[in-house]
Amino acid sequence: MRLLTHNMLSSNIKGVTCGFPLHIEVEQVVEKEVDFNADFLRNMFSKIDWKALVGAARTMGYRELPDEAPESLALKSYEFLRKLHHALLELHLEEGALVCPETGRKFLVSKGIPNMLLHEDEV
C-alpha cells in the first residue's frame with residue numbers, strides 16, 4: 001500500500017468521529033521504483049494531508065520530508081518533488097496494519113492490500 005493510498009483512507013466504524021489518519025504498524029516495507037511525474041505531484045499536493053503524510057513516512061523509516069508543508073515555490077524544486085515522489089509512490093507497506101486512532105481497531109495489510117472491511121457490529 002502506497003502512502004498516497006494511506007493519505008486517503010479513514011476508519012468508517014459506526015460512531016467514530018475521528019478516523020483519520022490511520023496509524024501504521026509496520027512489519028515489512030518495500031520500495032518499488034515508479035516513473036517520476038512532476039505534474040502529477042504538483043496536482044496532488046493540494047489534496048494531501050501533509051502532517052499525516054510526514055507521520056506515515058517517518059513510521060516507515062523515511063525522514064526526508066520537512067515537518068511543515070512547504071510553500072508553493074517548493075513545487076518547482078526538483079529535489080523536493082523527488083522526495084515527495086519517493087514518499088507518496090515508492091514506499092509500500094507490504095505487511096502490517098492500519099490502526100483506527102479512535103478505537104484502536106486494526107485493519108491488516110497483507111501483500112500490500114489493506115483489508116478495510118468492517119465487522120457486522122461496526123456497520
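Here are some notes:
- So Leu117, is it within 23 Å of Ser10 (Cα to Cα) and either among the aromatic types (Phe, Trp, Tyr) or more than 15 Å from the chain's Cα centre (by Cα) (or both): yes
- Residue within the stretch 41-51 that is assigned to a loop (DSSP other than H, G, I, E, B), open to solvent by 80 Å² or more (accessible area, probe 1.4 Å) and more than 25 Å from Glu120 (Cα to Cα) present: yes
- Enumeration of residues in the stretch 105-123 that are within 30 Å of Lys32 (Cβ to Cβ) and open to solvent by 100 Å² or more (accessible area, probe 1.4 Å): Lys106, Leu108, Lys111, Ile113, Leu117
- Of the candidates Glu120, Glu102, the single residue that is acidic (Asp, Glu) and within 17 Å of Ala52 (Cα to Cα) is Glu102.
- Qualifying residue in the stretch 53-63 (condition: surrounded by fewer than 16 Cβ atoms within 10 Å (Cβ to Cβ) and more than 17 Å from Val99 (Cα to Cα)): yes
- Summed over the stretch 40-72, residues that are of a type in the set (Ser, Thr, Tyr) and at pLDDT 95 or above total 2.
- Any hit, the stretch 77-90, residues being part of a loop (DSSP other than H, G, I, E, B) and free of Cβ contacts under 8 Å to residues at least 12 places away in the same chain: yes
- Near pairs, Cβ below 9 angstrom, 6+ apart or cross-chain, from the stretch 7-36 (closer than 13 Å to Gly104 by Cα) to any residue that is among the charged types (D, E, K, R) and part of a strand (DSSP E or B): Glu25/Lys106
- Taking the stretch 95-104 as the range and being outside any loop (DSSP other than H, G, I, E, B) and surrounded by fewer than 18 Cβ atoms within 10 Å (Cβ to Cβ) as the test, the residues that pass are Glu95, Val99.
The values are calculated or read from the model by the stated rules, or taken from the named source; none is laboratory data. What you see is a predicted model; the values in this text were computed from it and never measured. Here the Cβ is made from the backbone with ideal geometry for all residues, glycine too, and neighbour counts use every protein chain on show. For accessibility, only protein heavy atoms count, side chains too; no ligands or nucleic acids. Shrake-Rupley method; radii C 1.70, N 1.55, O 1.52, S 1.80 Å.
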